[in-house]
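I have placed the structure first, in the form of structure tokens, so that the comments after it can refer back to it.
Where a number appears in this text, it was derived from the coordinates with a stated rule and is not lab data. These numbers were taken from a predicted model, which means no experiment stands behind them. Virtual Cβ from ideal backbone geometry, glycine too; neighbours counted across all protein chains shown.
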Amino acid sequence: MKVLDGVSIEQAEHMDAKETFAGRLTEEILESRLGPGRKLSEVKELDLSSCRLRDFDNMFDESLYPNLRDLNLSHNSLVTLRGFGYLPKLRILKIKANRLETLFCKPNDDGYPKGLFGLPGLEVLDVSYNNLHDLYGLQYSPLKDLKILNASNNDIVKVDFLEKLKALRELDLSKNRIRQLDATSFSNFHVITCLRLEDNGLRNL
């Protein structure tokens, strides 16, 4: 937009607008990815990778995406999972190569589930290549069906908070900063068949 009221845009206004709107998920971005004529209610797979997203608050819940099963948000700039509402049918979530520092996100004051609390049907979670120092939050999340967890290439120092993941089959924690495994790292209920821990500098098993 070049001309509206004849007053030139100042640098401060430009920076303020960029800070406010840059990186937000908009209907225009969704339309460009979905293509013309497709309804959100019909979408089962959605790829929003490499969209430079920072925020998508209130954009993902059952009312908008009742049939969404596979969501790819890799290679963006997300720092939190709070933008997720209740998506009970979501099975695959990829948030590889973002800026996540924690997996924990408490529900709203009204009890509405946010973050992992709203994704009870998740079977595959990829949070590799982020800034996670631990897996805190998983112990509170209702991820009873989670089978594959990829948290490689982070800064995780300890294997814990996995006790609720009773269906976990594959766990990738390679290229973190884990030095040892404790007796409490895994519970008697775990049925993990594939565990990757290379490039951690392990000193004690």
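Computed values, structure above
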item: Mean separation of Cα contacts under 8 Å, 6 or more apart, over the residue count of the chain: relative contact order %; result: 12 percent
item: Residue-averaged [θ]222 nm for the chain, counting only DSSP H segments that reach four residues, each worth -39500 (n - 2.57); result: -2500 deg cm²/dmol
item: Most positive-pole-ward Cα, Thr193, Asn153, His133, against dipole of the chain from beta carbon charges; result: Thr193
item: Ser32-Ser63 FRET efficiency (beta carbon distance; Förster radius 25 Å; 0.05 resolution); result: 0.70
item: Gain in span if fully extended, Asn131 to Tyr112, counting 0.36 nm per residue against the direct Cα distance; result: 4.2 nm
item: Modelled FRET efficiency - R0 41 Å, Arg177 with Lys39, Cβ distances, 0.05 increments; result: 0.35
item: Rounded tilt (10° steps) of 11-21 against the dominant C-alpha axis of the chain; result: 50 degrees
item: Cut-off 15 Å (backbone N to label point 7 Å along Cα→Cβ of Arg196), residues of region 127-144; result: 127-130
item: FRET E, pair Arg203, Ala167, Förster distance 30 Å, beta-carbon r, rounded to 0.05; result: 0.50
item: Residue order, fewest to most beta carbons within 10 Å, for Val43, Val191, Val127, Val79; result: Val191, Val79, Val43, Val127
item: Simple spin-label estimate for Ser50 and Asp145 in nanometres, 7 Å along Cα-Cβ; result: 3.1 nm
item: Hz values of 3J(HN,Hα) by residue in region 185-199 - Karplus curve (6.51, -1.76, 1.60), Gly and Pro given as x; result: 5, 10, 8, 5, 8, 6, 10, 5, 10, 9, 10, 10, 9, 5, 6
item: Karplus-derived HN-Hα couplings along region 88-104 (A = 6.51, B = -1.76, C = 1.60, θ = phi - 60°), whole Hz, x at Gly and Pro; result: x, 8, 5, 10, 10, 10, 10, 10, 5, 6, 10, 10, 5, 10, 8, 9, 8
